[in-house]
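*Asks:* Structure incoming, see below.
Every read-out reported here was derived from the displayed coordinates using simple, explicitly stated rules and does not represent laboratory data. Predicted model only: the values in this text are computed from it and were never measured. Every residue, glycine as well, gets a Cβ built from its backbone with ideal geometry; the counts of neighbours run over all protein chains shown.
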Amino acid sequence: MTDTVARPLNGHTVTKLHPIPPENLGTPAAAGIPEQAPAEETTPVLEAVDRPDNPLADWLTVPDAPVLPAWARSAASIKANTAAFVRLTWWQARYHGIRTPKYLVKTLLLAARGFYRATVGLWPTLSAHDHTATVKALRAQSKAKPEDIELATRLQMAHAARTRTRRWRFGAAAVGVAAATIGIALADPLLQTGMAGAIVTPLAYLGRGKETHLLDQAAPPLRVDMSAQQLNDALRAAGLLKSGRASEDEKDAPRVSCSMGPVRDGRGWAVIFDLPRGGGKTASDVLAKREVIAQELGVDEIQVIMSRVRAAKGGNAGRVSMWVADDDPYLGTPNPSPLASLEQFSVWEPIPFGQDARGNRIEVPVMWQSMFFGGLPRRGKTFTQRLMTAAGLLDAYVRHYVADGKGGADWMPMRAVAHRLVMGAEDDAIEALKAMLAELLIEMERRFAVLRELPTSICPEGKLTPELVKLKNLPVIFVTIDELQEYFTAMEKDDREQVINDLCRIARRGPAAGFVSNFASQRPDADSVPTKLREIITLRYSTQVVDRASSDMVLGKGKAAQGADASVLSEDHVGTGVLVTGPASYVTVRADYLDGPGFATLCAKGRTLRQAAGQLTGDAVGDVTAAADAAGLKLAPILSDVLEVMRHSPRMFTTDLLAGLVNIDEDTYGDYNGERLAAELEAAGVKRASKQVKIEGKSLAGYQRRDIEGAVPAEILLGDDRG
């Protein structure tokens with residue numbers, strides 16, 4: 001039990017808790033009845049600064065403003081701005097360095113002009129101009145009075161003085177110039193340079209004009225300027241502020257109040273502002289006007305990054321954080337994935353995913369999540385989706401189930417690791433997909449049964465934990481399906497509904513059992529990817545799409561209006577997309593780059609890790625192509641590709657086999673026919689028991705998979721991987 005002492009502090013009541021000793025239990029104090037306390041305890045200490053009768057209240061009020069400028073509030077910010085300063089200094093040095101010859105010529109021309117101006121300015125002194133004026137005045141007077149002898153005498157004396165003055169002044173100037181010339185000619189080269197500079201510099205300075213600049217005006221990579229007035233004008237043009245400019249004559253015109261900036265932040269401008277009250281506008285209204293604001297600021301909307309500032313960070317419904325980049329922040333050399341250089345990784349940690357516009361590292365936690373990737377073809381959708389799988393490759397306790405509706409080469413390296421691998425959307429592949437999903441559902445229910453039986457000391461939340469993964473041999477399961485629409489469009493209605501229901505169950509209930517769903521599709525309309533599947537996905541990523549409606553199909557209804565709009569991306573933004581991580585959280589990310597060979601290397605690492613941990617299971621164990629790669633042996637490419645096409649079929653017609661080969665590599669197999677295929681396989685060591693195969697009562701030219709496997713070296717078939 002406790003007692004309380006309350007005293008006002010800055011207008012608030014602070015409750016201080018004190019424990020009641022055991023010997024006082026049962027006393028009036030313990031029952032909540034106040035006892036008589038010493039005077040100093042009962043008399044409230046009025047120490048609030050903001051009391052109405054405190055004359056120092058205003059003076060002692062602590063300003064609600066940061067002590068440090070925005071660029072110095074974190075080590076990362078200081079480092080980023082220092083790096084930006086170094087880059088700018090290096091750019092300026094290179095800019096002016098290559099113009100040094102031009103500057104030397106310009107300096108000499110200015111010095112020549114300065115010499116001329118100096119000569120013109122000194123001429124009245126050298127020519128004794130003051131004496132000349134006296135002589136001219138006396139001559140004029142003598143003409144008027146020719147009989148004045150005294151006047152003639154004065155004229156003669158003045159003329160003699162002018163002549164004498166000219167002689168010594170011109171002589172002194174000539175001696176000075178000669179001495180300087182001889183001194184420079186006889187001096188050390190370094191001293192010659194210094195003396196020449198000492199002479200040329202003041203002459204060039206004298207030769208300058210009002211609009212003359214020795215150095216060119218460099219235009220550093222800063223294309224955007226911003227001020228509070230420009231921001232107000234842009235918001236006013238967007239209809240977010242009342243019309244009229246906020247000038248000195250209109251001091252009452254509505255303006256935003258900037259709690260920070262505008263200030264330089266990396267390669268752009270940052271500002272945090274509050275909309276004025278009384279205008280009926282909110283932060284969401286600002287986000288919806290992104291394109292108009294960008295136009296008014298004179299930039300592309302891809303350069304304007306805006307978000308709401310929530311209450312947890314000191315914001316409110318009218319506070320907006322805006323960053324305007326100097327240039328398109330998503331172009332340039334792709335960032336290599338950090339995963340490519342790692343030997344191991346734990347999927348319980350956030351996965352390195354990419355960088356935002358400011359260069360901040362974006363990491364995505366995938367445990368307890370499901371993911372959906374969408375966008376137009378050839379915009380980096382599959383490469384980005386593979387980043388998640390790549391992280392799982394480096395964790396030996398991740399089991400992969402992979403299906404690729406396109407059946408191309410993107411996912412073929414997974415045969416070295418995947419517990420189940422389904423390639424293509426033909427009939428046999430669809431059956432394999434259905435079997436894979438059924439297997440996943442059985443495993444999910446088995447895991448829930450195991451987790452339910454565990455005590456709370458081991459499984460406190462009824463979910464998989466890192467400790468249980470090894471203790472109960474329950475590896476995390478990655479369910480990866482690419483080109484999902486290919487399966488749905490190729491299926492009959494009943495099969496389609498069944499597969500959709502299975503996927504929904506896995507995405508909805510699977511995370512607690514350690515299932516991570518990773519789906520991808522092109523424009524996911526209701527026909528290709530049903531809404532009920534899309535809407536239960538928690539993490540969404542979209543590369544470029546054609547319009548806002550398509551963006552909302554991938555990222556969620558209404559996201560484009562909130563600013564999460566993938567349609568603003570261009571065809572140049574390959575590998576860049578909008579990542580939605582929550583109902584009101586999104587960021588445009590330039591995903592890390594991991595090419596095909598890099599992905600294949602990670603698959604080989606993953607196989608080695610699983611072999612060492614005893615976690616190589618399923619299809620990967622018996623895959624002869626993967627076994628050959630692991631053994632350092634090279635199968636004939638035609639054998640490897642044919643085995644891949646026939647992965648789910650014990651026999652296949654020649655026409656279907658050729659179609660599958662073209663799907664894998666059109667450049668290589670596009671011109672193949674039955675005769676050439678037979679010749680190539682025979683050269684690779686394939687001996688056909690029969691040239692015809694029977695499938696569903698129909699006999700045509702074809703191949704048996706066992707005949708193809710018969711051409712594989714015996715050391716591979718008898719190796720450890722086969723056991």
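*Asks:* How many angstrom lie between the Cα centre of the range 382-458 and the Cα centre of the range 277-304?
*Replies:* 43 Å
*Asks:* Calculate one ³J(HN,Hα) per residue across the range 430-438 by plugging θ = phi - 60° into the Karplus curve 6.51 cos²θ - 1.76 cosθ + 1.60, and present them in order as whole Hz with x for glycine and proline.
*Replies:* 5, 5, 5, 5, 4, 5, 5, 5, 4
*Asks:* Subtracting the Cα-Cα distance from 0.36 nm times the residue separation, let me have the gained length for THR333 to ARG73 in nm, one decimal.
*Replies:* The span from THR333 to ARG73 would gain 90.7 nm if fully extended.
*Asks:* Given a Förster radius of 56 Å and the C-beta distance between ALA228 and ARG117 as r, what FRET efficiency does 1/(1 + (r/R0)^6) yield to the nearest 0.05?
*Replies:* In this case the efficiency is close to 0.80.
*Asks:* Kindly provide the GluC sites (Glu not before Pro) of the range 343-436 that DSSP labels as loop, not H, G, I, E or B, and whose Cβ sees at most 10 other Cβ atoms within 10 Å.
*Replies:* GLU343
*Asks:* Students often get this wrong: which residues of the range 626-662 have the backbone nitrogen under 16 Å from the point 7 angstrom along Cα-to-C-beta of GLN692?
*Replies:* Answer for this model: 652-655.
*Asks:* If amide H atoms are built 1.01 Å from N in the plane of the peptide, which residues on other chains or at least 5 residues away come under 5 Å of the amide H of SER517?
*Replies:* Result for SER517 returns MET371, VAL479.
*Asks:* Set the bar at 30 Å for Cα to Cα. Now go through LYS289/LYS381; LYS313/LYS559; LYS493/LYS691; LYS434/LYS634; LYS493/LYS687; LYS470/LYS493 and name every pair that lies beyond it. Please report the intermediate quantities before stating the final value.
*Replies:* Details: LYS289/LYS381 28 Å; LYS313/LYS559 22 Å; LYS493/LYS691 36 Å; LYS434/LYS634 33 Å; LYS493/LYS687 41 Å; LYS470/LYS493 41 Å.
The pairs that break the limit, which is 30 Å between Cα atoms, are LYS493/LYS691; LYS434/LYS634; LYS493/LYS687; LYS470/LYS493.
*Asks:* Sort 606-612, 445-451, 388-394 by packing, meaning the average of other beta carbons within 10 Å per residue, with the highest value first.
*Replies:* Sorting 606-612, 445-451, 388-394 by mean packing, highest first, produces 388-394, 606-612, 445-451.
*Asks:* Let's see if you can work this out: charge +1 on each Lys and Arg Cβ, -1 on each Asp and Glu Cβ, no other charges. What is the dipole magnitude of the range 580-711 about its Cα centre, in debye to the nearest 20?
*Replies:* The calculation lands at about 520 debye.
*Asks:* Taking H placed 1.01 Å from N in the peptide plane, check which residues at least 5 places from GLN692 or on another chain put their amide H under 5 Å from its amide H.
*Replies:* When sequence neighbours closer than 5 places are left aside, the close amide H contacts are GLY702.
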